[in-house]
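To start, the structure under review is shown below, and the notes come after it.
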Amino acid sequence: MQRISIIGTSGSGKTTLARQISQNLAIPHIELDYLYWEPNWVEVPNNIFQQRVEQSLTSDSWIVDGNYSKVRDYVWKKADTVVWLDYSLPVILNRVLRRTYERVTKQQEVCNGNLETWKKTLSRDSIILWVFQTYKRRRKEYPILLQQPEYAHLQIIHLRSPQATQDWLLHQSKL
């Protein structure tokens, strides 16, 4: 594992796991959110996002976290491993609710100076609403995508619970 893509529903723990693996393997961690979102939650144009991702993946080893379909093909073609955090909806909701509460009440930066607010949390742009909108879709699309011939080179690590993830991570650190 030298070029790893971590995927999963928002709130599943992609960034946290990527940070842990990055430290364990001493490889760069690339958060797609930082490449996609400008300050004030402004989305970058697709071509700029793609350029940023391409520039970020020029080294021989890296770990990327994020679900952006706009760059998925590029990332997965360069990756050697995909780690899919495929947790139950109650686990995801619990995590995203706790994380959102922490971020809002403590004014923790999400990326590039962007903050979650109560107004955003209760709007159409809510991360909680996003989880409901994408959860079932991702669980249906990932198995199909990961079986495509162009991704046959990928080692797929399908983790279905936080405990399975911790067990896998512990095993990796012992190798």
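Just one of the listed residues (ASN112, ASN94) is at pLDDT 95 or above, over 16 Å from the mean Cα position of the chain (by Cα) and under 30 Å from TRP41 (Cα atoms), namely ASN94.
The condition (being assigned to a helix (DSSP H, G or I) and loosely packed, with under 13 Cβ neighbours inside 10 Å) is satisfied by just one residue among THR134, THR100, THR105: THR105. Pairs are defined by a Cβ separation below 7 Å, a sequence spacing of at least 6 or placement on different chains, a first member in segment 76-104 that is of a type in the set (Gly, Ala, Ser), and a second member that is at pLDDT 95 or above; the pairs so defined are ALA79/ARG3; ALA79/ILE4; ALA79/SER5; ALA79/LEU154.
Residues in segment 6-37 that are assigned to a strand (DSSP E or B), closer than 20 Å to GLN166 by Cβ, open to solvent by 30 Å² or more (accessible area, probe 1.4 Å) and in contact with a Gly (Cβ under 9 Å, 6 or more places away or on another chain): 0 in all. For segment 26-47, the set of residues classified as touching a residue at least 40 places away in the same chain (Cβ under 8 Å) and more than 17 Å from the chain's Cα centre (by Cα) consists of GLU38, PRO39, ASN40, TRP41, listed by residue number.
Look at THR165 and say whether it is closer than 15 Å to GLY8 by Cβ, out of contact with any helix residue (DSSP H, G or I) (no Cβ under 8 Å at 6 or more places or on another chain), among the β-branched types (Val, Ile, Thr) and surrounded by 12 or more Cβ atoms within 10 Å (Cβ to Cβ). No; evaluated as a whole, the condition is false for this residue. Flag set for ARG124, criterion: at pLDDT below 95 and either open to solvent by 70 Å² or more (accessible area, probe 1.4 Å) or of a type in the set (Ser, Thr, Tyr) (or both). In the set ILE63, ILE156, only one residue is outside any helix (DSSP H, G or I), open to solvent by 40 Å² or more (accessible area, probe 1.4 Å) and touching a Leu at 6+ places or on another chain (Cβ under 8 Å); that residue is ILE156.
The values are calculated or read from the model by the stated rules, or taken from the named source; none is laboratory data. Owing to the predicted nature of the structure, the values given are computational and were not obtained by experimental measurement. Cβ: placed from backbone, ideal geometry, glycine included. Neighbour counts: every protein chain shown. Each accessible area value is taken on the protein alone, full model and side chains, heavy atoms only, with ligands, DNA and RNA left out. Shrake-Rupley method; radii C 1.70, N 1.55, O 1.52, S 1.80 Å.
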